[in-house]
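Novice: The structure follows.
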Amino acid sequence: MAEPSGRVAIVGGGWAGMAAAVTLCTAGWPVTVFEAAKVLGGRARRVEVEERRLDNGQHILLGAYAQTLSLLRTVHGGRAERELFDRRRLHLEQPGVFRLKTPPLPAPWHLAVALLGARGLPRHDRLATVAFVRRLRRARFRCASQLTVAALLVDQSPLAVTLLWEPLCVAALNTPIDSASAHIFLNVLRQAFAAHARDSDVLVPRTDLSALFPEAAASYVAARGGEVRLGSTVLRLAVQDGPIGVVTEKGEERFVASVLAVGPHQLAALAGLAERSAAAATLGQVAAFAYEPIRTTYLDYGRPLDLPLPMLKLDGNPGQWLFDRGALGGAPGLAAVVVSTDVAAARVEHAELERAIDRQLRGLWPALPPPAWSQTIAERRATYACVAGLPRPLAGALEKRLYLAGDYTDPDLPATLEAATRSGVAAARQLLAARPQA
Ligand SMILES: Cc1cc2nc3c(=O)[nH]c(=O)nc-3n(C[C@H](O)[C@H](O)[C@H](O)COP(=O)(O)OP(=O)(O)OC[C@H]3O[C@@H](n4cnc5c(N)ncnc54)[C@H](O)[C@@H]3O)c2cc1C
């Protein structure tokens, strides 16, 4: 087989771009990654604020993130998973209100027993929830593509929706249940609950998000002759019949092929793409996307929080999930509180949101002192809105030598780290199969 001739340009050093880079380098294809920002990771990256290492948003992974976990094993070599994550069986706990705890049983019994024993739901709701999940399993977690999650849940009690299904949907799809895609939500449920009990484990990172994957991937790539350029924005792509021209402010360079792994809202800014008819269709689909924000508020209480679990469910007024960053390798007393989707209570000044979240936490734990420090990071376009029936482009060849990746191109999953890494690997594999020559 012919040796690869020329390098592959990867535009975007988020989790999709770095997954593509690792896949290509593993196969012996040299790559150059162009990342506009000064730090790798895109929407899952480290942020330094007043000498504190935070993330742009609190993230969790699932045991079912097979592609991401496999890449992590590749780039971290022998480093044990427990150094990177706090991994636990699914245990959703809203103090004094709700508890869903999976026991150490094989799937699907772990979920059935957890639902039957859920605290906070009356018996008839628990039985109805188990029957609902059994129906979903019989239907192989499939439904019409136009169905919304709210319509899927029509037979579930309002309490089961409020305590269980809505928080799960918003956490997984970052989209309100009234418009969220039931088809994609069921894919997530199948991925987490259908095969192995470990798939529904929750993994909370113990390192910052850039160190967790993209920076370890960059070291892996560099050790195999690849290159990662930070602060390097691709302005234009010169796509002709031959090699692809990648234009930055330093000029144009030629590459044998390119993987475009920018966020969906950043695709249209790549000049030269719209003139290509294959890309124009993709740009048209992406132009129709709406986006949902995620806000993460950090509060430093200056002393250990001593919570029963590092991740707790909140009532959504306004915080939805609480993470004890001190128990996860961060500064003792540092709380991270997540508010997903564009809820009205979070559409306020950051200082006001921080006060409201502090009130919410000290309502639950009155012994907490006032926070010594707080900071909110709002990602306005955290994910595309995963609404029912949304047409989306697929990862892979846009045309000869030009490949698309990114969390919005996985056909089955919502915008997640796993969708991003799967798309990067899929695009790289297509490229490897095509073996473009200079
Ligand atoms: C606050 C928040 C919380 C989240 N929580 C979770 C979670 O708990 N679990 C989960 O699985 N997912 C979560 N997600 C979603 C997850 O972070 C994303 O799905 C994933 O990071 C997307 O990766 P990507 O590589 O596809 O895109 P991006 O991360 O958007 O990467 C694109 C990269 O391209 C770069 N770029 C853009 N244009 C150019 C250019 N012209 N030249 C060079 N570089 C360019 C950008 O700077 C960026 O680094 C969350 C997202 C946010 C924002």
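Novice: Just to confirm my filter: which strands (runs of 3 or more DSSP E) fall fully inside the stretch 215-292 and include at least 1 residues that are modelled with pLDDT of 95 or more, over 25 Å from Thr23 (Cα atoms) and out of contact with any Leu (no Cβ under 6 Å at 6 or more places or on another chain)?
Specialist: 251-255
Novice: Suppose we keep only residues that are aliphatic (A, V, I, L, M) and farther than 9 Å from Ala9 by Cβ within the stretch 238-258. Which one would you say is surrounded by the fewest Cβ atoms within 10 Å (Cβ to Cβ)?
Specialist: Ala238
Novice: To continue, here is another question. What residue, among those in the stretch 175-197 that are among the β-branched types (Val, Ile, Thr) and in a loop (DSSP other than H, G, I, E, B), is nearest to Ala114 (Cα to Cα)?
Specialist: Out of the qualifying residues, it is Ile177.
Novice: Which of the residues that make up the stretch 219-260 are within 12 Å of the ligand (Cβ to nearest atom) and among the aliphatic types (A, V, I, L, M)?
Specialist: Val228, Leu230, Val234, Leu235, Leu237, Val246, Val247, Val259, Leu260
Novice: Here's a follow-up. Can you tell me which residues in the stretch 355-384 are within 16 Å of the ligand (Cβ to nearest atom) and more than 17 Å from the chain's Cα centre (by Cα)? Break it down stepwise before answering.
Specialist: First, pick out the residues of the stretch 355-384 that are within 16 Å of the ligand (Cβ to nearest atom): 357, 375-384.
Passing the criteria: Ile357, Gln375, Thr376.
Conditions (1) farther than 23 Å from Asp199 by Cα; (2) touching a Ser or Thr at 6+ places or on another chain (Cβ under 6 Å); (3) touching a residue at least 60 places away in the same chain (Cβ under 8 Å); (4) surrounded by fewer than 20 Cβ atoms within 10 Å (Cβ to Cβ), marked per residue:
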| site | (1), (2), (3), (4) |
| --- | --- |
| Pro103 | no, no, no, yes |
| Arg119 | no, no, no, yes |
| Ala128 | yes, no, no, yes |
| Ala150 | yes, no, no, yes |
| Cys169 | no, no, no, no |
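Novice: Here is a list of conditions, (1) out of contact with any Gly (no Cβ under 9 Å at 6 or more places or on another chain); (2) modelled with pLDDT of 95 or more; (3) among the small types (Gly, Ala, Ser), and Ala336 meets all of them except one; can you say which number that is?
Specialist: Ala336 satisfies every listed condition except (1).
Novice: I've got another one for you. Please verify whether Thr68 is of a type in the set (Val, Ile, Thr) and over 18 Å from Ala118 (Cα atoms), treating the condition exactly as stated.
Specialist: So Thr68 fits the description; yes.
Novice: Here's another thing I want to ask about it. Residues that are within 11 Å of the ligand (Cβ to nearest atom) and of a type in the set (S, T, N, Q): find the helices (runs of 4 or more DSSP H) completely inside the stretch 31-123 holding 3 or more of those. Quick ask: steps written out before the conclusion?
Specialist: Values: elements: 66-76, 81-84, 109-116.
In the stretch 31-123, there are no helices (runs of 4 or more DSSP H) which contain 3 or more residues that are within 11 Å of the ligand (Cβ to nearest atom) and of a type in the set (S, T, N, Q).
The values are calculated or read from the model by the stated rules, or taken from the named source; none is laboratory data. Computed from a prediction, not measured in an experiment: that's the story for all the values here. Neighbour counts run over all protein chains shown; Cβ positions are idealised from the backbone, glycine included.
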